[in-house]
Amino acid sequence: MIQNEWYAVLSAKEVPHDAPVTFKRLGVKFVAFRNGQGKICIIEDRCCHRGASLGMGKVHGGHLECPFHGFVYDENGCVVKIPANGSRAKVTEIYKVKKYITREIGGMVYLWWGSDHFSPDYEPAVFEDLQSPDFSYSEFIDYWPVHYTRAIENQLDVIHLPFVHKTTIGRGGRTIISGPVVKASKNHMKFYVKADVDDGNNQPLKPSEIKSYENLNALEFQFPNIWHNIISDKLRVFAAFAPVDEENTVIYIRYYQSFMKLPLLKQVVNRLGIWFSIIILRQDKRVVITQEPKYSEYRMNEKLIQGDLPIVEFRKMRARKIEEDDNVL
(Lines give C-alpha, C1' and ligand atoms only; values in the text may rest on other atoms or scores of the structure.)
Protein backbone atom coordinates (compact mmCIF):
# COMPACT_ATOMS: atom_id res chain seq x y z
CA MET A 1 0.00 0.00 0.00
CA ILE A 2 1.18 3.53 -0.69
CA GLN A 3 2.63 5.18 2.40
CA ASN A 4 2.41 8.65 3.92
CA GLU A 5 -1.28 9.09 3.25
CA TRP A 6 -4.46 9.52 5.29
CA TYR A 7 -6.70 6.50 4.61
CA ALA A 8 -10.39 6.39 5.50
CA VAL A 9 -10.55 3.09 7.39
CA LEU A 10 -13.65 2.96 9.58
CA SER A 11 -17.00 4.50 10.26
CA ALA A 12 -17.04 6.05 13.73
CA LYS A 13 -20.32 4.22 14.33
CA GLU A 14 -18.40 0.94 14.33
CA VAL A 15 -16.50 1.83 17.50
CA PRO A 16 -18.65 1.60 20.66
CA HIS A 17 -17.85 3.53 23.83
CA ASP A 18 -17.42 0.48 26.03
CA ALA A 19 -15.61 -2.14 23.95
CA PRO A 20 -12.68 -2.49 21.54
CA VAL A 21 -13.06 -3.34 17.86
CA THR A 22 -10.54 -5.44 15.95
CA PHE A 23 -10.24 -4.84 12.22
CA LYS A 24 -7.79 -5.45 9.40
CA ARG A 25 -6.75 -2.69 7.02
CA LEU A 26 -3.68 -2.17 4.84
CA GLY A 27 -2.65 -5.75 5.59
CA VAL A 28 -2.36 -5.06 9.35
CA LYS A 29 -4.55 -6.05 12.31
CA PHE A 30 -5.57 -3.01 14.36
CA VAL A 31 -7.69 -2.49 17.45
CA ALA A 32 -9.77 0.65 17.96
CA PHE A 33 -11.21 1.90 21.23
CA ARG A 34 -12.32 5.19 22.76
CA ASN A 35 -10.31 7.02 25.40
CA GLY A 36 -11.77 8.78 28.42
CA GLN A 37 -12.89 11.72 26.27
CA GLY A 38 -14.57 9.49 23.69
CA LYS A 39 -11.86 9.97 21.07
CA ILE A 40 -11.19 6.96 18.84
CA CYS A 41 -7.69 5.56 19.29
CA ILE A 42 -6.06 2.90 17.12
CA ILE A 43 -3.13 0.71 18.15
CA GLU A 44 -1.56 -2.55 17.04
CA ASP A 45 -3.78 -5.54 17.88
CA ARG A 46 -1.06 -7.60 19.55
CA CYS A 47 -0.15 -7.52 23.20
CA CYS A 48 3.57 -6.84 23.67
CA HIS A 49 3.67 -9.47 26.43
CA ARG A 50 2.56 -12.71 24.79
CA GLY A 51 1.02 -11.61 21.49
CA ALA A 52 -2.67 -12.05 22.33
CA SER A 53 -5.33 -10.05 20.48
CA LEU A 54 -6.15 -6.90 22.44
CA GLY A 55 -9.46 -6.75 20.61
CA MET A 56 -10.72 -9.54 22.88
CA GLY A 57 -10.10 -7.37 25.94
CA LYS A 58 -12.15 -4.80 27.81
CA VAL A 59 -12.23 -1.01 27.96
CA HIS A 60 -12.09 0.57 31.43
CA GLY A 61 -11.96 4.32 31.88
CA GLY A 62 -10.55 4.90 28.40
CA HIS A 63 -7.86 2.24 28.81
CA LEU A 64 -7.70 -1.17 27.11
CA GLU A 65 -7.12 -4.32 29.15
CA CYS A 66 -5.52 -7.37 27.54
CA PRO A 67 -7.72 -10.48 27.98
CA PHE A 68 -4.74 -12.79 28.61
CA HIS A 69 -2.82 -11.35 31.59
CA GLY A 70 -4.57 -8.04 32.20
CA PHE A 71 -1.88 -5.68 30.88
CA VAL A 72 -3.54 -2.24 30.63
CA TYR A 73 -2.82 0.03 27.62
CA ASP A 74 -3.44 3.74 27.22
CA GLU A 75 -4.38 5.54 24.00
CA ASN A 76 -0.71 5.81 23.01
CA GLY A 77 -0.21 2.04 23.09
CA CYS A 78 1.83 2.22 26.30
CA VAL A 79 1.31 -0.28 29.12
CA VAL A 80 0.34 1.62 32.27
CA LYS A 81 -0.32 -1.37 34.53
CA ILE A 82 0.94 -4.95 34.85
CA PRO A 83 -1.30 -6.68 37.41
CA ALA A 84 1.18 -9.46 38.18
CA ASN A 85 3.72 -6.86 39.31
CA GLY A 86 1.30 -5.06 41.63
CA SER A 87 -0.42 -1.69 41.45
CA ARG A 88 2.59 0.21 42.80
CA ALA A 89 5.10 -1.19 40.31
CA LYS A 90 6.49 1.21 37.73
CA VAL A 91 6.04 0.14 34.12
CA THR A 92 9.02 0.87 31.87
CA GLU A 93 8.67 2.23 28.36
CA ILE A 94 9.66 -1.02 26.69
CA TYR A 95 6.12 -2.29 27.30
CA LYS A 96 4.21 -0.78 24.42
CA VAL A 97 2.73 -1.45 21.00
CA LYS A 98 2.59 0.78 17.94
CA LYS A 99 0.13 3.64 18.06
CA TYR A 100 -1.43 5.07 14.88
CA ILE A 101 -2.37 8.70 14.34
CA THR A 102 -6.09 9.13 13.65
CA ARG A 103 -8.63 11.82 12.90
CA GLU A 104 -12.42 11.63 13.04
CA ILE A 105 -14.09 13.87 10.47
CA GLY A 106 -17.72 13.71 9.43
CA GLY A 107 -18.19 10.36 11.15
CA MET A 108 -15.31 8.72 9.24
CA VAL A 109 -12.07 7.64 10.90
CA TYR A 110 -8.89 8.47 8.98
CA LEU A 111 -5.61 6.70 9.79
CA TRP A 112 -2.16 7.99 8.91
CA TRP A 113 -0.31 5.20 7.13
CA GLY A 114 3.29 6.31 6.97
CA SER A 115 6.88 5.25 7.24
CA ASP A 116 8.70 5.73 10.54
CA HIS A 117 10.58 8.66 9.00
CA PHE A 118 7.48 10.77 8.37
CA SER A 119 4.63 12.17 10.44
CA PRO A 120 1.69 14.01 8.90
CA ASP A 121 2.20 17.71 8.27
CA TYR A 122 -1.31 18.12 6.87
CA GLU A 123 -4.81 17.04 7.84
CA PRO A 124 -6.94 14.54 5.89
CA ALA A 125 -8.43 16.05 2.76
CA VAL A 126 -12.20 15.63 2.81
CA PHE A 127 -15.13 16.81 0.73
CA GLU A 128 -15.99 20.03 2.54
CA ASP A 129 -19.55 20.26 1.19
CA LEU A 130 -20.51 17.08 3.04
CA GLN A 131 -19.43 18.52 6.41
CA SER A 132 -22.32 20.99 6.30
CA PRO A 133 -24.88 20.47 9.10
CA ASP A 134 -27.59 20.78 6.44
CA PHE A 135 -26.72 17.30 5.21
CA SER A 136 -27.85 14.10 6.89
CA TYR A 137 -26.87 10.65 5.71
CA SER A 138 -27.48 6.93 5.88
CA GLU A 139 -24.68 4.39 5.58
CA PHE A 140 -24.05 0.89 4.28
CA ILE A 141 -20.90 -1.24 4.63
CA ASP A 142 -20.04 -3.92 2.07
CA TYR A 143 -17.15 -6.38 1.69
CA TRP A 144 -15.63 -7.02 -1.74
CA PRO A 145 -13.03 -9.73 -2.57
CA VAL A 146 -11.03 -7.35 -4.79
CA HIS A 147 -8.03 -5.04 -4.46
CA TYR A 148 -9.15 -1.54 -3.55
CA THR A 149 -7.93 -0.16 -6.89
CA ARG A 150 -10.58 -2.17 -8.74
CA ALA A 151 -13.31 -0.97 -6.37
CA ILE A 152 -12.24 2.65 -6.84
CA GLU A 153 -11.98 2.37 -10.61
CA ASN A 154 -15.51 1.05 -10.77
CA GLN A 155 -16.70 4.43 -9.46
CA LEU A 156 -14.51 6.25 -11.98
CA ASP A 157 -15.90 4.13 -14.82
CA VAL A 158 -18.50 6.22 -16.66
CA ILE A 159 -19.15 3.90 -19.61
CA HIS A 160 -20.52 0.89 -17.73
CA LEU A 161 -23.82 2.43 -16.58
CA PRO A 162 -26.06 1.42 -19.56
CA PHE A 163 -24.93 -2.20 -19.19
CA VAL A 164 -24.36 -2.94 -15.50
CA HIS A 165 -27.14 -0.61 -14.34
CA LYS A 166 -29.61 -0.93 -17.21
CA THR A 167 -32.51 -1.36 -14.75
CA THR A 168 -31.52 1.53 -12.45
CA ILE A 169 -29.27 4.55 -13.08
CA GLY A 170 -28.33 3.31 -16.57
CA ARG A 171 -31.85 3.27 -17.97
CA GLY A 172 -32.28 5.03 -21.28
CA GLY A 173 -29.42 3.36 -23.13
CA ARG A 174 -27.20 6.44 -23.30
CA THR A 175 -24.11 4.61 -24.52
CA ILE A 176 -22.34 7.51 -26.27
CA ILE A 177 -19.98 9.04 -23.70
CA SER A 178 -18.52 12.44 -24.52
CA GLY A 179 -15.41 13.57 -22.66
CA PRO A 180 -15.02 12.94 -19.84
CA VAL A 181 -13.58 16.32 -18.89
CA VAL A 182 -11.05 15.58 -16.13
CA LYS A 183 -9.65 18.32 -13.92
CA ALA A 184 -6.85 16.94 -11.76
CA SER A 185 -4.36 18.21 -9.23
CA LYS A 186 -1.75 16.27 -7.27
CA ASN A 187 -4.20 14.33 -5.07
CA HIS A 188 -7.65 15.22 -6.36
CA MET A 189 -9.66 14.91 -9.51
CA LYS A 190 -13.07 16.14 -10.56
CA PHE A 191 -14.65 14.92 -13.76
CA TYR A 192 -17.69 15.72 -15.87
CA VAL A 193 -19.54 13.44 -18.28
CA LYS A 194 -22.06 13.90 -21.07
CA ALA A 195 -24.02 10.79 -22.13
CA ASP A 196 -26.28 10.45 -25.18
CA VAL A 197 -28.27 7.79 -27.00
CA ASP A 198 -26.54 6.41 -30.08
CA ASP A 199 -28.74 7.46 -33.03
CA GLY A 200 -26.37 6.00 -35.59
CA ASN A 201 -24.97 9.38 -36.59
CA ASN A 202 -23.49 10.95 -33.47
CA GLN A 203 -20.00 10.36 -32.15
CA PRO A 204 -18.46 11.09 -28.75
CA LEU A 205 -17.16 14.61 -28.31
CA LYS A 206 -13.58 15.03 -27.20
CA PRO A 207 -13.11 16.70 -23.80
CA SER A 208 -12.02 19.94 -25.49
CA GLU A 209 -15.24 19.97 -27.54
CA ILE A 210 -17.61 19.94 -24.55
CA LYS A 211 -18.87 23.45 -23.86
CA SER A 212 -20.08 24.57 -20.41
CA TYR A 213 -19.02 21.27 -18.87
CA GLU A 214 -19.41 22.84 -15.41
CA ASN A 215 -23.18 22.49 -15.83
CA LEU A 216 -22.92 18.70 -16.08
CA ASN A 217 -23.11 16.36 -13.10
CA ALA A 218 -19.70 16.01 -11.49
CA LEU A 219 -17.85 13.27 -9.65
CA GLU A 220 -14.79 13.68 -7.44
CA PHE A 221 -12.01 11.45 -6.21
CA GLN A 222 -9.63 12.38 -3.40
CA PHE A 223 -6.49 10.32 -3.08
CA PRO A 224 -5.98 7.79 -1.61
CA ASN A 225 -9.49 6.33 -1.20
CA ILE A 226 -12.60 8.57 -1.04
CA TRP A 227 -15.11 9.37 -3.79
CA HIS A 228 -18.03 11.79 -4.15
CA ASN A 229 -20.91 11.87 -6.65
CA ILE A 230 -22.45 15.35 -6.88
CA ILE A 231 -25.94 14.49 -8.11
CA SER A 232 -27.30 17.94 -7.18
CA ASP A 233 -26.71 20.67 -4.62
CA LYS A 234 -28.89 18.79 -2.14
CA LEU A 235 -28.16 15.18 -3.06
CA ARG A 236 -24.80 13.40 -2.91
CA VAL A 237 -23.32 9.90 -2.66
CA PHE A 238 -20.04 9.31 -0.83
CA ALA A 239 -17.83 6.24 -0.80
CA ALA A 240 -14.69 5.23 1.06
CA PHE A 241 -12.73 2.24 -0.21
CA ALA A 242 -10.82 0.87 2.77
CA PRO A 243 -8.11 -1.60 1.73
CA VAL A 244 -8.12 -4.72 3.92
CA ASP A 245 -5.24 -6.46 2.16
CA GLU A 246 -4.12 -7.16 -1.40
CA GLU A 247 -7.31 -9.06 -2.24
CA ASN A 248 -10.09 -7.53 -0.14
CA THR A 249 -11.76 -4.15 0.34
CA VAL A 250 -14.40 -2.73 2.67
CA ILE A 251 -16.65 -0.17 0.99
CA TYR A 252 -18.48 2.49 2.99
CA ILE A 253 -21.35 3.96 0.99
CA ARG A 254 -23.25 7.00 2.24
CA TYR A 255 -26.36 8.65 0.86
CA TYR A 256 -26.39 12.36 1.75
CA GLN A 257 -29.35 14.71 1.33
CA SER A 258 -30.35 18.15 2.56
CA PHE A 259 -33.76 18.64 0.94
CA MET A 260 -35.79 16.90 3.67
CA LYS A 261 -35.60 18.55 7.10
CA LEU A 262 -38.51 17.01 9.02
CA PRO A 263 -36.95 14.44 11.39
CA LEU A 264 -39.25 11.50 10.71
CA LEU A 265 -39.44 12.02 6.96
CA LYS A 266 -35.72 12.67 6.84
CA GLN A 267 -35.06 9.19 8.21
CA VAL A 268 -37.45 7.66 5.68
CA VAL A 269 -35.77 9.48 2.78
CA ASN A 270 -32.32 8.46 3.99
CA ARG A 271 -33.32 4.82 4.33
CA LEU A 272 -34.83 4.77 0.86
CA GLY A 273 -31.74 6.48 -0.53
CA ILE A 274 -29.32 3.98 0.94
CA TRP A 275 -31.57 1.08 -0.12
CA PHE A 276 -31.33 2.29 -3.72
CA SER A 277 -27.57 2.80 -3.34
CA ILE A 278 -27.20 -0.80 -2.13
CA ILE A 279 -29.00 -2.09 -5.22
CA ILE A 280 -26.61 -0.13 -7.46
CA LEU A 281 -23.56 -1.23 -5.47
CA ARG A 282 -24.55 -4.88 -5.70
CA GLN A 283 -25.02 -4.56 -9.46
CA ASP A 284 -21.43 -3.29 -9.61
CA LYS A 285 -20.10 -5.97 -7.28
CA ARG A 286 -21.49 -8.81 -9.40
CA VAL A 287 -19.21 -7.76 -12.27
CA VAL A 288 -16.17 -6.23 -10.55
CA ILE A 289 -15.37 -9.37 -8.55
CA THR A 290 -14.85 -11.20 -11.88
CA GLN A 291 -12.11 -8.84 -13.11
CA GLU A 292 -8.63 -10.26 -13.59
CA PRO A 293 -6.20 -9.47 -12.22
CA LYS A 294 -7.77 -8.37 -8.93
CA TYR A 295 -5.63 -5.22 -8.83
CA SER A 296 -4.84 -2.55 -11.39
CA GLU A 297 -1.74 -0.59 -12.25
CA TYR A 298 -0.68 2.10 -14.71
CA ARG A 299 0.66 -0.21 -17.40
CA MET A 300 -1.20 -3.48 -17.78
CA ASN A 301 -2.82 -5.63 -20.44
CA GLU A 302 -6.00 -3.58 -20.89
CA LYS A 303 -7.00 -1.67 -24.01
CA LEU A 304 -8.55 1.53 -22.67
CA ILE A 305 -10.66 4.03 -24.62
CA GLN A 306 -11.46 7.76 -24.39
CA GLY A 307 -14.30 7.16 -21.93
CA ASP A 308 -11.77 5.68 -19.49
CA LEU A 309 -9.97 9.00 -18.95
CA PRO A 310 -10.82 9.20 -15.21
CA ILE A 311 -9.35 5.72 -14.73
CA VAL A 312 -6.22 6.69 -16.65
CA GLU A 313 -5.80 9.76 -14.45
CA PHE A 314 -6.23 7.69 -11.28
CA ARG A 315 -3.60 5.20 -12.45
CA LYS A 316 -1.18 8.03 -13.25
CA MET A 317 -1.79 9.53 -9.84
CA ARG A 318 -1.18 6.22 -8.10
CA ALA A 319 1.93 5.42 -10.19
CA ARG A 320 3.41 8.77 -9.21
CA LYS A 321 2.77 8.01 -5.53
CA ILE A 322 4.41 4.60 -5.86
CA GLU A 323 7.46 6.19 -7.47
CA GLU A 324 7.66 8.75 -4.64
CA ASP A 325 7.57 5.88 -2.13
CA ASP A 326 10.36 4.07 -3.97
CA ASN A 327 12.51 7.21 -3.99
CA VAL A 328 12.09 7.62 -0.23
CA LEU A 329 13.09 3.99 0.38
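The values are calculated or read from the model by the stated rules, or taken from the named source; none is laboratory data. Everything numeric in this text was worked out from a predicted model, so none of it was measured. Positions of Cβ are backbone-derived with ideal geometry, glycine not excepted, and every protein chain shown enters the neighbour counts.
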For this session: Those residues that are surrounded by 13 or more Cβ atoms within 10 Å (Cβ to Cβ), more than 28 Å from residue 207 (Cα to Cα), of a type in the set (D, E, K, R) and under 20 Å from the mean Cα position of the chain (by Cα), I need them from the range 266-318; list them, please.
Result: 285, 294
Problem set entry | Residues (among the hydrophobic types (A, V, I, L, M, F, W, C) and not in a strand (DSSP E or B)) located in the range 1-24 | 1, 2, 12, 15, 19
Seminar exercise, completed: Taking the range 137-172 and keeping only residues that are surrounded by fewer than 18 Cβ atoms within 10 Å (Cβ to Cβ) and of a type in the set (Gly, Ala, Ser), one is left with 172
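Counting just the residues of the range 252-265 that are assigned to a strand (DSSP E or B) and surrounded by fewer than 24 Cβ atoms within 10 Å (Cβ to Cβ), which one comes out farthest from the chain's Cα centre (by Cα)? Talk me through it step by step, then tell me what you get.
Applying the first criterion (assigned to a strand (DSSP E or B)) to the range 252-265 yields 252-257.
From what's left, surrounded by fewer than 24 Cβ atoms within 10 Å (Cβ to Cβ): 252-253, 257.
Numbers: 252: 6, 253: 9, 257: 20 Å.
Residue satisfying both the conditions and the ranking: 257.
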Exercise. What pairs come up if the first residue lies in the range 48-60 and is surrounded by 16 or more Cβ atoms within 10 Å (Cβ to Cβ), the second is modelled with pLDDT under 95 and assigned to a loop (DSSP other than H, G, I, E, B), and their beta carbons are under 6 Å apart, counting only those six or more places apart or on different chains?
Worked result: 59/18
For this session: Could you run through the range 170-186 and say how many residues are over 19 Å from residue 205 (Cα atoms) and of a type in the set (A, V, I, L, M, F, W, C)?
Result: 1
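Let's see how each residue does on (1) over 16 Å from residue 310 (Cβ atoms); (2) of a type in the set (Asp, Glu); (3) in contact with a Leu (Cβ under 9 Å, 6 or more places away or on another chain); (4) crowded, with 21+ Cβ neighbours inside 10 Å:
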| position | (1), (2), (3), (4) |
| --- | --- |
| 199 | yes, yes, no, no |
| 206 | no, no, no, no |
| 226 | no, no, no, yes |
| 242 | yes, no, yes, yes |
Problem set entry | Members of the range 95-138 found to be of a type in the set (Val, Ile, Thr) and without any contact (Cβ under 8 Å) to a residue 12 or more places away in the chain, listed by number | none
For this session: Identify all residues within the range 157-190 that are touching a strand residue (DSSP E or B) at 6+ places or on another chain (Cβ under 6 Å), over 17 Å from residue 230 (Cβ atoms) and not in a strand (DSSP E or B); write none if there are none.
Result: 159, 174
For this session: Hey, can you tell me all the residues within the range 111-130 that are under 16 Å from the mean Cα position of the chain (by Cα) and within 24 Å of residue 278 (Cβ to Cβ)?
Result: 126, 127, 130
Exercise. Is it true that residue 193 is in contact with a Gly (Cβ under 6 Å, 6 or more places away or on another chain), in a strand (DSSP E or B) and in contact (Cβ under 8 Å) with a residue 24 or more places away in the chain?
Worked result: yes
Exercise. Counting only residues that are touching a helix residue (DSSP H, G or I) at 6+ places or on another chain (Cβ under 9 Å) and either at pLDDT 95 or above or on the phi < 0 side of the Ramachandran plot (or both), how many does the range 2-16 have?
Worked result: 3
